[in-house]
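**Student:** First, the structure itself, so that you have it in front of you.
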């Protein structure tokens, strides 16, 4: 069992409770060494037109409301000072010991080696490195030393929300970060050095091949599988199972409340329903 892809306002390591979970009986979505329930869904589902339309609306809701897995509470950062005459590449930081790298890129480069590889392949690009938020917050160890980062990148954007960087940059290059999926929903080209769940379907430029992933998907099919069919959601207001559209609305409300300094009561609700979500995740599909 793991957090879903639409989780919360704020970091999981800050004990912010999740609004979605995934329960995978075959494996887990970040383990590319074997088939997961999500991979089986993406390989085998015949996506009905109604489901495609629903996924398209979800993408629009996510992009318009600037939502991510850990949706930021504040307003857009404004101008980031990226040069207009250079292609901007975002490299999201990850933790080398993280399970998504151990199982999704076991033979791939470490974070610093990957950053160097991006620079070598794109000598004229303006490369922006975003350290992993758990590393910046002091919860985990990882690449965050400015001197080491700037040996390969042009800028380190520790305090800028990831959604601002995705929107501002032209491309995303990543090992296995969910940022790549979030960038695809925003129409950005994505290069993968590992095998995240969204790679291998014809939507990304892949440095690694997964022979099990034989199908070519459109973005709406990928989103339908990853955000509608695969996770389980719980409405923090009613305490009932709900579709992702409701969770997106609650995340938008929660972010607004936090930004206005009035989010305490909703946070209490989120924590109360967290136990119910984990209990229900062991049952049949919603």
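**Student:** Using Cβ contacts closer than 10 Å as the measure, can you line up 172, 135, 149 from fewest to most?
**Tutor:** By the 10 Å Cβ count, ascending, the order reads 135, 149, 172.
**Student:** Using the Cα gyration tensor of the stretch 88-211, with a ≥ b ≥ c the square roots of its eigenvalues, what is the shape: rounded (a/c below 1.5), prolate (a/b larger than b/c) or oblate (neither)?
**Tutor:** The shape class here is rounded.
**Student:** What shape does the stretch 75-142 have by the C-alpha gyration tensor, where a ≥ b ≥ c are the square roots of the eigenvalues, rounded means a/c under 1.5, and otherwise prolate means a/b greater than b/c and oblate the rest?
**Tutor:** oblate
Quick note: the coordinates plus some simple rules give every number you see, no bench work behind them. The structure presented is a predicted model; accordingly, all values stated were derived computationally and were not measured. Neighbour counts run over all protein chains shown; Cβ positions are idealised from the backbone, glycine included.
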